[in-house]
Amino acid sequence: MSRPPERESGVEALAARLRELRAARAHPPSEYPVLLDAALAELDHAVEALRRAERAPAPPRTPGAGAAYPFKAIFEHLPWPVILTDEQTAVRRLNTAAAELTGLPQAYAAGRPIAALLRPADRAALRAHTAAVARGDGDRSLPVRLQRLPDGPLYATLTAVEAPGEGGKDVLLVLAPTPAPGPAGPGHPEPRSNPAAVVRQAELTALLDRTARALLGGASPSSALGAAACLLRDGLADWALLDLGPQAGPFRVAVHGPTLSPDAPLEKAFLRQDPRACPVAAEVMGSGTAAMALAADDLDRLGTDEDGTPLMARAEVTSLLSVPLTASDGTTALGALTLLRTGAAPPFSLLEAGTAEIAAGHLALVAERDGTVGPGAG
């Protein structure tokens with residue numbers, strides 16, 4: 001009598017099913033709902049298995065090890081963009097596929113509201129459905145649109161989970177993107193580099209060169225700093241605010257707004273603002289470290305105008321980046337360069353943030369040599 005085949009272990013079987021689901025990403029979008037349900041079922045199965053493992057007697061283990069580790073490993077390798085959030089859509093973790101789809105770096109994701117990445121019309125809906133799922137009102141799905149992918153909706157499926165090591169009940173959000181055109185395979189190999197990223201790197205290198213030339217060729221330090229801030233606005237953002245001076249009395253040197261739709265009253269409101277009343281600039285000048293944020297729920301990051309209206313809302317800011325102008329001593333912040341993006345512009349990338357920090361270092365050299373700010377300025 002023939003011997004029956006040996007059964008695969010639970011982990012091996014799960015890994016095999018995940019490989020099949022990952023391969024199914026090439027299926028037409030009409031099949032996504034069924035595949036998403038399957039992916040969620042696999043995750044539920046994995047979480048339940050980990051719960052059982054937690055309850056089973058086990059020998060002493062190294063602190064920090066345990067069920068959270070396999071959960072993180074499974075979560076990271078799920079075949080779909082997956083995001084774990086709280087009831088307010090604040091990210092607890094996201095896998096590599098989700099980071100690539102949303103443009104939100106994993107290193108900066110924790111605590112940032114995923115709803116802020118959506119187009120304004122979809123944010124309230126996602127927040128409301130996420131809160132309902134977290135309350136235990138049942139799973140649900142809805143179409144959403146990312147600001148960086150305005151051409152078509154994604155399909156967001158929400159389900160409540162108790163992830164090991166996270167504490168409390170969270171919401172698992174799975175996004176089904178539209179597949180990229182063109183099949184991948186022997187006749188269509190995947191590119192080894194992202195052409196768009198290479199082009200952007202070249203653009204940013206050229207931007208730093210133009211900024212350095214403006215700083216070297218300015219008629220005066222103040223005009224050179226203003227011209228450089230304008231160039232950085234052109235290459236990185238919709239708005240550029242430049243603040244200089246000691247923490248006891250900083251002043252706003254330059255404000256450059258959008259060139260296509262100039263708003264003179266708003267520019268005047270930014271220019272009249274005391275940098276100490278601009279929380280993000282004050283924070284950066286006080287700490288000497290950069291700040292990068294999505295607009296989302298914190299409308300107070302830029303302070304208010306003279307009528308008490310949040311400048312974040314008035315300028316329709318969707319993301320901001322503020323970097324310190326660090327003195328030659330490596331510790332003193334001489335000011336802050338704050339860049340703002342509005343409308344459907346994508347969040348700042350790490351590459352762009354690095355470029356802004358390099359440019360701010362150049363600005364700091366000119367400001368320090370001018371003698372109006374710096375460790376020894378009176």
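Taking all C-alpha pairs of the stretch 226-360, those more than 18 Å from each other amount to 48 percent.
Using a probe radius of 1.4 angstrom, the carbon and sulfur fraction of the accessible surface of the stretch 101-152 is 50%. Taking the Cα centre of the stretch 227-278 as the origin and placing charges on Cβ (Lys, Arg +1; Asp, Glu -1), which of Leu260, Leu232, Pro275 is farthest toward the positive end of the dipole? Result: Pro275. Restrict the search to the stretch 292-364; then list the GluC sites (Glu not before Pro) that DSSP places in a loop and that have at most 15 other Cβ atoms within 10 Å of their Cβ. Within the stretch 292-364, the qualifying GluC sites (Glu not before Pro) (loop, at most 15 other Cβ atoms within 10 Å) are Glu306, Glu316.
When only the Cβ of Lys, Arg, Asp and Glu is charged (+1, +1, -1, -1), the dipole of the stretch 272-369 relative to its Cα centre reaches about 220 debye.
The values are calculated or read from the model by the stated rules, or taken from the named source; none is laboratory data. What you see is a predicted model; the values in this text were computed from it and never measured. Quick reminder, even Gly has a Cβ in these numbers, built from the backbone with ideal geometry, and neighbours come from all protein chains shown. What goes into the accessible areas is simple: the full protein's heavy atoms, side chains included, and nothing from ligands, DNA or RNA. Shrake-Rupley method; radii C 1.70, N 1.55, O 1.52, S 1.80 Å.
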